[in-house]
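Shown next, in structure tokens, is the structure this report addresses.
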Amino acid sequence: LHGRIVPRLCGLFFNYSEEHAVGEAFSESGVVLPSGDVVGPDLAFFAGRNTADRFPKWLETAPLLAVEVLSPNDLHRDVEE
């Protein structure tokens, strides 16, 4: 189920972002948080233009929206974190 939900959700964000030029959506990309932790949410949305120019290698800021699709077998501590 996870493998069906994530691509569809990402597709919606990618299409909307492209059509309305409001930002950029990334799927399972490494995001470096201000704490230095690197996370890989299923979907990360960054508002604004020229996102690729701002983040040539790593996404080095917290996204406006981060989505993690949960699965029944996810460990409780992972979900909580």
Ordering of 40-48, 62-70 by packing [mean C-beta count within 10 Å, highest first]: 40-48, 62-70
Rank-order 22-34, 4-16 by packing density, defined as the average count of other C-beta atoms within 10 Å over each peptide's residues, highest first. 22-34, 4-16
Computed over the stretch 1-43, the ratio Rg/Rh where both radii use C-alpha atoms and Rh is Kirkwood: 1.06
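Values quoted throughout were computed directly from the atomic coordinates according to the rules given, and no laboratory measurement underlies them. Quick caveat, the model's predicted, so the values are computed rather than measured. Reconstructed Cβ throughout: ideal geometry from the backbone, glycine too, with neighbour counts over all protein chains shown.
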